[in-house]
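Chemist: I'd like to ask you about the structure that follows.
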Amino acid sequence: MAIELYRRRQYRRQVKGMRLFIGYIGIFLIFIGLILLAPLLMLCFYHDETYVWSYFVAPACSSIALGILLYATIFHRRKARLQKWQSYILLITIWMLTILIASFPFLSTGEYSFTEAIFEATSGFTTTSIVMSNHLPGQTHVFLFYRCWMLFVGGIGLTLILTSAISDANGLSLYSLEGHNDRLLPNLVKSSRIVFIIYSIFIILGMGGYLLCGMPLFDAFCTSISAISTGGYLVSKEMALDTYANPIAVQVVTAILMLLGSTNFMIHFRILRGKFKTFFYHSELYCFLIVAIICVPIYASAFTTLNNGDIGVGVGHGVFYFISTITSSGFVLKDVLSSPSIYNALPSYLFIIAVFCMVMGGQAGSTSGGVKQMRVVMIIKQVYWDIRATVDNKHIVPTHTIVRYGKKENIDPVETKNATAFLLIYLASILLGSFAFTCFGEEFDNAIFEVTGLITTTGYTSGILSLASPPGVMWIAIILMIVGRLEPIIFINLIAKGSKTLHTKINDKITTAQLQKNN
């Protein structure tokens, strides 16, 4: 009875502000610790790698212990609503802490510098999958799985996995800010679990497909995770898909998984419920098909030339690379790896097409990066509506609709304005990042391709990033990957809020000083 009264009293005491912020950080630290412990399950199968356990246990246990202490400050307390700018800061802090803590296993090996370790963790959680180092500890099965596990967590959405811990309005805010519009059910926790189940089913099916192709069990499991998360990371020594026994079959399975990963989870959910119209009557599908009709022949032509006129190989590779690029996966084949980088193997016209596909990306509410196809559709629609408005009778008020999730919906002008603003900010971010790389002596065209591969989390490179890269270049790449994964608009809004707050405080101080002077 006394315990129950204590709990009721604690619940009535509302927590807000910094205390609530710290309490939420505690919840996430507990989950981050659990995330770090998961790769140790590989020790059940690879007993000769037990020496790596300490690399994970120490940071994981420290994270869990600190998280419990911080969470105790809001345990059984009624929680206030976070302001939007506080949600921005919380989301960014969660990602920063996750990357920092996740870098400790790499750092503990003694084979990675601090910058390299941060880069590895960032590359994993953002699903960019650029591997800067091939040190021996990083090639153990535990570390190989760890890299793929980071892709799993980052691809499905860091906050989605942790949403069950914050099922209130603040959890919904974080869920939406990370770029999710796939709230499948009214209950946020149930929606998160359904996405997690769909994600896991695809991984299992993909692993079965790879096993049928003759791929080893461990490789099949990790590659399936990488493909469905549109990460593009491979555990094979050659880091190319066509080094396995049945390369064509492996490429087909991978292409299917990449397309599944880049499809809106809302559509997956409705298809599972028998609503197939959702898939076939959806603007993003039409957008993808139109882009494919235009771009695939260009890809096929380029790869036919790269493969000495072999049309069959050229078409197969062209289709595969188109899917790998537009889904922001970044898988590669051995024929391109024979050159120093993917960029150096591309004809100039294909370079332009690849940049366009990377920027566009997959569907909204998917694991892929880029601007997302729904925003592209809205922008094109807005251009069409503006042109039509100049031709049609001005007394006629047209309806602005878009096909989404199996039905026509009216579009709020605010949505199209936001989509246009997002695209402009995204392109500006690419130009700014490219300028930063040119400050280190890089060519501008190389820099654009490199930055596009980073900010879209595709992972294609022009050769700028390497083990010989200066720390400044690597830190620019780290920032670009994070900005691309969380989307630039979050940082723009946070900077705007900070500037407004600072401006208000300065004006208040000036006003106070003037009043004191007059008195």
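Chemist: Name every residue in region 407-452 that is farther than 22 Å from Val483 by Cβ and either in contact with a strand residue (DSSP E or B) (Cβ under 8 Å, 6 or more places away or on another chain) or open to solvent by 10 Å² or more (accessible area, probe 1.4 Å) (or both), in order of residue number.
Modeler: Lys407, Lys408, Glu409, Asn410, Ile411, Asp412, Pro413, Val414, Glu415, Gly441, Glu443
Yes/no matrix, rows are residues, columns are (1) within 24 Å of Ile353 (Cβ to Cβ); (2) part of a helix (DSSP H, G or I):
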{"site": "Leu431", "(1), (2)": "yes, yes"}
{"site": "Asn446", "(1), (2)": "yes, yes"}
{"site": "Gly453", "(1), (2)": "yes, yes"}
{"site": "Thr458", "(1), (2)": "yes, no"}
{"site": "Thr461", "(1), (2)": "yes, no"}
{"site": "Ser469", "(1), (2)": "no, no"}
{"site": "Val473", "(1), (2)": "no, yes"}
{"site": "Ile478", "(1), (2)": "no, yes"}
{"site": "Gly484", "(1), (2)": "yes, yes"}
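Chemist: Across region 280-297, what is the number of residues that are in contact with a strand residue (DSSP E or B) (Cβ under 8 Å, 6 or more places away or on another chain), open to solvent by 50 Å² or more (accessible area, probe 1.4 Å) and assigned to a helix (DSSP H, G or I)?
Modeler: Of the residues in region 280-297, 1 are in contact with a strand residue (DSSP E or B) (Cβ under 8 Å, 6 or more places away or on another chain), open to solvent by 50 Å² or more (accessible area, probe 1.4 Å) and assigned to a helix (DSSP H, G or I).
Chemist: Of the numbered conditions (1) part of a helix (DSSP H, G or I); (2) modelled with pLDDT under 60; (3) crowded, with 17+ Cβ neighbours inside 10 Å, Arg183 satisfies every one except a single condition; which is it?
Modeler: If we test Arg183 against (1) part of a helix (DSSP H, G or I); (2) modelled with pLDDT under 60; (3) crowded, with 17+ Cβ neighbours inside 10 Å, just (1) comes out false.
Chemist: Also: Go through (1) touching a residue at least 24 places away in the same chain (Cβ under 8 Å); (2) within 17 Å of His282 (Cα to Cα); (3) open to solvent by 20 Å² or more (accessible area, probe 1.4 Å) and name the single condition Met360 misses.
Modeler: Unmet for Met360, out of (1) touching a residue at least 24 places away in the same chain (Cβ under 8 Å); (2) within 17 Å of His282 (Cα to Cα); (3) open to solvent by 20 Å² or more (accessible area, probe 1.4 Å): (3).
Chemist: A further question follows. Taking Ile271, is it part of a helix (DSSP H, G or I) and open to solvent by 30 Å² or more (accessible area, probe 1.4 Å)?
Modeler: Here the answer is yes, as Ile271 does meet what is asked.
Chemist: Next question. Would a scan of region 306-315 turn up a residue that is modelled with pLDDT of 90 or more and in a helix (DSSP H, G or I)?
Modeler: yes
Chemist: Hey, can you tell me all the residues within region 200-220 that are on the phi < 0 side of the Ramachandran plot, open to solvent by 40 Å² or more (accessible area, probe 1.4 Å) and touching a residue at least 24 places away in the same chain (Cβ under 8 Å)?
Modeler: Leu212 - this is the single residue of region 200-220 that is on the phi < 0 side of the Ramachandran plot, open to solvent by 40 Å² or more (accessible area, probe 1.4 Å) and touching a residue at least 24 places away in the same chain (Cβ under 8 Å).
Chemist: Next question. Identify, please: which residue in region 102-132 is among the aliphatic types (A, V, I, L, M) and under 21 Å from Thr457 (Cα atoms) and is, among those, surrounded by the most Cβ atoms within 10 Å (Cβ to Cβ)?
Modeler: It comes out as Ala102.
Chemist: Can you find even one residue in region 298-306 that is over 25 Å from the mean Cα position of the chain (by Cα), under 30 Å from Val142 (Cβ atoms) and open to solvent by 20 Å² or more (accessible area, probe 1.4 Å)?
Modeler: Checking region 298-306: not a single residue is over 25 Å from the mean Cα position of the chain (by Cα), under 30 Å from Val142 (Cβ atoms) and open to solvent by 20 Å² or more (accessible area, probe 1.4 Å).
Chemist: Then there's this: Can you tell me which residue is nearest to Gly155 (Cα to Cα) among those in region 406-442 that are more than 23 Å from the chain's Cα centre (by Cα) and at pLDDT 90 or above?
Modeler: Top of the filtered list is Phe435.
Chemist: Then there's this: Within the set of pairs 6 or more residues apart or between chains, which connect a residue that is under 10 Å from Val142 (Cβ atoms) inside region 32-48 to a residue that is of a type in the set (S, T, N, Q) and open to solvent by 30 Å² or more (accessible area, probe 1.4 Å) with Cβ atoms less than 8 Å apart?
Modeler: Leu43/Thr50
Chemist: Say whether the condition of being touching a Leu at 6+ places or on another chain (Cβ under 8 Å) and touching a residue at least 60 places away in the same chain (Cβ under 8 Å) is met by at least one residue in region 287-297.
Modeler: no
Chemist: Quick one: in region 271-301, which of the residues that are among the polar types (S, T, N, Q) and within 16 Å of Lys408 (Cβ to Cβ) is modelled with the highest pLDDT?
Modeler: Selected residue: Ser283.
Chemist: Would you call Ile479 open to solvent by 50 Å² or more (accessible area, probe 1.4 Å) and at pLDDT 85 or above?
Modeler: yes
Chemist: Just a yes or no: is a residue in region 430-449 touching a Ser or Thr at 6+ places or on another chain (Cβ under 7 Å), under 27 Å from Ser329 (Cβ atoms) and free of Cβ contacts under 8 Å to residues at least 24 places away in the same chain?
Modeler: The answer is yes; a qualifying residue exists.
Chemist: Quick test of your reading of the structure: Gly330 fulfils all but one of (1) at positive phi; (2) at pLDDT 90 or above. Name the failing condition by number.
Modeler: Evaluating Gly330 over (1) at positive phi; (2) at pLDDT 90 or above leaves (2) as the failure.
Chemist: So Thr367 fits all but one of (1) polar (S, T, N, Q); (2) assigned to a helix (DSSP H, G or I); (3) modelled with pLDDT under 85; (4) touching a Ser or Thr at 6+ places or on another chain (Cβ under 6 Å); what number is the exception?
Modeler: (2)
Chemist: Return a yes/no flag: does region 500-507 have any residue that is in contact with a Phe, Trp or Tyr (Cβ under 9 Å, 6 or more places away or on another chain), in a helix (DSSP H, G or I), surrounded by fewer than 16 Cβ atoms within 10 Å (Cβ to Cβ) and at pLDDT below 75.
Modeler: yes
Chemist: Within region 137-168, restricting attention to residues that are open to solvent by 10 Å² or more (accessible area, probe 1.4 Å) and in contact with an Asp or Glu (Cβ under 7 Å, 6 or more places away or on another chain), which residue is modelled with the lowest pLDDT?
Modeler: Top of the filtered list is Pro137.
The values are calculated or read from the model by the stated rules, or taken from the named source; none is laboratory data. Here the structure is a predicted model, which means the values were calculated and not measured. Glycine gets a Cβ as well: all are built from the backbone with ideal geometry, and neighbour counts include every protein chain shown. Just so you know, the surface numbers come from the protein's heavy atoms only, side chains and all, with ligands and any DNA or RNA stripped out. Shrake-Rupley method; radii C 1.70, N 1.55, O 1.52, S 1.80 Å.
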